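Enquirer: The structure follows.
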Amino acid sequence: MDRIVRTAALTFAVLCPLLAAAAPAGIQFGSIRLRVTFEQTPVVTRSGGAAGGYSSGGVNFVNKRWLAVNVSFLPGVAPKAGSSKNADNTKGIQAVPGRWLDDVTMRVFVAFPVEHQRKSSGVYGLFEGKTVFWSVRLDGKRHLAQMFIPPQLLDRYAASTGGVSGRDLPLAHTDYRVMVEFTDSEGKLLGRSFSASGKTPLTAAFFDSIKSAPGAIVVTDGLLPRNRTPWAIHVPATFDYIKDDRTADRK
């Protein structure tokens, strides 16, 4: 009987760390940083060695570059609850050795001033998109992610008419307002962050109000994950592997 008790105690002692590793409390993606840039399309060299256009003609762009949302984050666990001010983007993240989190979704929302409203009533439209990662290591180290808006969509929705000639004009990258949020496979929020927006801090309610406004311009899937852009084959080992969910999108 004493041997059975000792065996049970030993088994419990071995299993406890495993159980704790299997379901650590407080998983969060913290210290999330955002940077919005304009990027030229990567140049692809053809077999003949030449690069550039394939023939004369083509599309005339107002926005000649892609809008890139560059995100960095620390995946791991939060040792203690953050304050109400930064609870969704805590700074104190610790690693969980040997642990990965599957099916992490990064959603990005980019608000832009609607034409003729940039300097007046502040009416905004919205691009939105998502990236689903196959698995993210909870190593407490800085990871990188990107999403892109093609120049064609910027021209269609985010070019403003102005100037003496009345020509379409591109918006500056500072005109865009961005929110990024990470969720797990069950939809639980892991972390959220916003771009700088001047004197008034951005909130999730700001982006919700755009989507719920009558007649709002909401461009679903207007942000492309990295694997659906010309950057797909550029230093892929620098980024977490993206799960190709195009089949799921069609269902």
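The values are calculated or read from the model by the stated rules, or taken from the named source; none is laboratory data. Please read these numbers as outputs of a predicted model, since none were measured by experiment. Positions of Cβ are generated from backbone atoms using ideal geometry, with glycine treated the same way; all protein chains shown enter the neighbour counts.
Every residue, every condition in (1) part of a loop (DSSP other than H, G, I, E, B); (2) at pLDDT below 95; (3) touching a Cys at 6+ places or on another chain (Cβ under 8 Å), yes or no:
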residue: Val136; (1), (2), (3): no, no, no
residue: Gly140; (1), (2), (3): yes, no, no
residue: Gln146; (1), (2), (3): no, no, no
residue: Gln152; (1), (2), (3): no, yes, no
residue: Gly166; (1), (2), (3): yes, yes, no
residue: Val180; (1), (2), (3): no, no, no
residue: Ser197; (1), (2), (3): yes, yes, no
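Enquirer: Additional query: For residues in region 177-213 being closer than 16 Å to Phe73 by Cβ and among the acidic types (Asp, Glu), which is surrounded by the most Cβ atoms within 10 Å (Cβ to Cβ)?
Expert: By that ranking, first place goes to Glu181.
Enquirer: Could you please find all residues in region 123-141 being small (Gly, Ala, Ser) and within 15 Å of Ala78 (Cα to Cα)?
Expert: Passing the criteria: only Gly140.
Enquirer: Only one of (1) over 20 Å from His173 (Cβ atoms); (2) at pLDDT 95 or above is not met by Phe109, so which one is it?
Expert: Looking at each condition in turn, Phe109 falls short on (1).
Enquirer: With out of contact with any Lys or Arg (no Cβ under 7 Å at 6 or more places or on another chain), modelled with pLDDT of 95 or more and closer than 18 Å to Ile32 by Cβ as the only criterion, which of Leu190, Leu224 stands out?
Expert: It is Leu190.
Enquirer: I'm trying to understand the selection: among the residues of region 47-80, which are among the hydrophobic types (A, V, I, L, M, F, W, C), more than 18 Å from Lys141 (Cα to Cα), at pLDDT 65 or above and part of a loop (DSSP other than H, G, I, E, B)?
Expert: Matches in region 47-80: Val59, Phe61, Val62.
Enquirer: Now a separate question. Limited to region 220-237, what total is found for residues that are assigned to a loop (DSSP other than H, G, I, E, B) and of a type in the set (D, E, K, R)? I'd like the intermediate steps shown before the answer.
Expert: The first filter runs over region 220-237 and keeps only residues assigned to a loop (DSSP other than H, G, I, E, B), leaving 221-223, 229-235.
With of a type in the set (D, E, K, R) added as a condition, the list becomes 221.
Number of matching residues: 1.
Enquirer: Could you go through region 209-219 and let me know if any residue there is at pLDDT 95 or above, assigned to a strand (DSSP E or B), within 15 Å of the chain's Cα centre (by Cα) and of a type in the set (Val, Ile, Thr).
Expert: no
Enquirer: In region 93-114, which residues are over 16 Å from the mean Cα position of the chain (by Cα) and either crowded, with 17+ Cβ neighbours inside 10 Å or assigned to a strand (DSSP E or B) (or both)?
Expert: Ile93, Gln94, Val96, Arg99, Trp100, Leu101, Asp102, Phe112, Pro113, Val114
Enquirer: Something else now. Hey, Val132 hits all of (1) in contact with a helix residue (DSSP H, G or I) (Cβ under 9 Å, 6 or more places away or on another chain); (2) under 21 Å from Lys64 (Cβ atoms); (3) at pLDDT 95 or above but one; which does it fall short on?
Expert: Among (1) in contact with a helix residue (DSSP H, G or I) (Cβ under 9 Å, 6 or more places away or on another chain); (2) under 21 Å from Lys64 (Cβ atoms); (3) at pLDDT 95 or above, Val132 violates only (2).
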